[in-house]
Amino acid sequence: MRLFDTLCMIGSRFQLPGTVYSFEQITQGNINSTYKVSYRMPDKSIKSYMFQRLNTVVFKNPREIMKNIDNVTTYIRKNFPSETVLHFHHTSDGDNFFFDGDGSFWRVMNYIDSITFNVCEDLSVIAATGEAFGHFQMQLSGFDGSVLYETIPDFHNTRKRLDTFFSHVTEDPYSRVNDATEEIEYISSVRLKAGELSDRFAKGAFPVRVTHNDTKCNNVLFDRVTKRPIAVIDLDTVMPGMSMVDFGDAVRCIANTADEDEPDLSRVFFDTAKFRAFCKGYIGQVKDALTADEIDNMVLATFTITVELGMRFLDDYIMGDTYFKTDYPEHNLVRARCQLHLAKDIQKKSDELNFIVHDELEKARQGR
Ligand code: GN1
Ligand code: MG
């Protein structure tokens, strides 16, 4: 079936009124396929929706994901009624998803008019991103995480991922290990340090929080005009976890001076001014909620999650590029090099970064 016909059919399953007027693919996102579909409504106005085909190789239990999202969005809607939250449509069977004839898993959300940032230079927008993720952490602080399914088990268990990675390096099924000897050596040299937090978490050293687990900066929607955050999106991986991982993943993304897949490593740095701006926004929200231990490990978590993602990209390259969508043959290798380069810079700057975290905490506590 042509994509246009498929989208029309999906829309009719979700009981959308009117007829499809136009559609475009949204290229952000490495896993799912997303389309903005605009309808001409019976009253001739235009209304847009986001159609998403979930990647069921990555998300093996999509019904559980939708159950999690339903729980989380219902909770936020009830407790923060004035705030914008994702709204999913239902089929005539009452499901917030639909399996089409090919076995593809679809969901449909209202389109929220907004902008997102991949790389951002504006420090006030960066601080607002910190605020948005800090606020999200606080919004879910009273939510009972035990009702959530673990949609991808051990998603940020860095230790486990490292062990799997090194067994794949030994297998080397596509003879690609030789392309990445330096990168593998680096991961090997930081293996202990990068596994530390997940080991301690497993032993109960940190509070179990309800976390987002994919806090890329483009998962915050901003108002086009005011540049204030509207909503945190992409709730597929909301699961119990460590607060610092969300913090770390967000700054990994937003304090990088370049794109996540920048091939020219001379352009890739961890920008301490951007880091400070994010801290200001984030810590302002969570200053009374996080423990001293969580605060003290925010920088280690930033390093950890950056190594983890670099390793995940490299793992996918070594295993034949089956997980992340790629635009060209060595895309995952390029992504891995970029993240590992960033991790080295974070490692180099970690004393300064720790100072910034505590300085911003102090300022937030004094109301400065
Ligand atoms: C994937 O596709 P997207 O952008 O939502 C990945 C994240 C990575 C991210 C890196 C389920 O997220 O863990 O950090 O790519 N999501 C999953 O860009 O693996
Ligand atoms: Mg995601």
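Only the coordinates and a few stated rules stand behind these numbers; no lab work does. Source: prediction; values computed, not measured. Glycine gets a Cβ as well: all are built from the backbone with ideal geometry, and neighbour counts include every protein chain shown.
Among the lysines, which fall within straight-line cross-link reach of residue 325, defined as a Cα-Cα distance under 20 Å, with same-chain neighbours fewer than 8 residues apart omitted?
Excluding near neighbours in sequence, the set is 36, 60, 216.
Report the Stokes-Einstein translational diffusion coefficient (µm² s⁻¹, integer) for region 3-110, Rh taken as the Kirkwood radius over Cα pairs, at 25 °C with viscosity 0.890 mPa s. Can you show the working numbers first?
Details: Rh = 14.7 Å.
Calculated translational D: 167 µm²/s.
With runs of 4+ DSSP H residues as the only contributors, calculate the mean residue ellipticity of the chain at 222 nm using -39,500 (n - 2.57) per run, divided by the residue total and rounded to the nearest 500.
-14500 deg cm²/dmol
Among 60-70, 78-88, how do they line up from the highest to the lowest mean number of other beta-carbon atoms within 10 Å?
Taking the mean over residues of other Cβ atoms within 10 Å, the ranking is 60-70, 78-88.
Which GluC sites (Glu not before Pro) in region 106-158 sit in a loop by DSSP (not H, G, I, E or B) and have at most 15 other Cβ atoms within 10 Å of their own Cβ?
Sparse-neighbourhood loop GluC sites (Glu not before Pro): 121, 150.
Order 332-342, 18-28 from most to least packed using the mean count of other Cβ atoms within 10 Å.
Those peptides, ordered most packed to least, come out 332-342, 18-28.
Show me the three semi-axes of the equivalent ellipsoid for the chain, from the C-alpha gyration tensor (sqrt of 5 times each eigenvalue), largest first, rounded to whole Å.
Largest first, the chain gives 33, 26, 20 Å.
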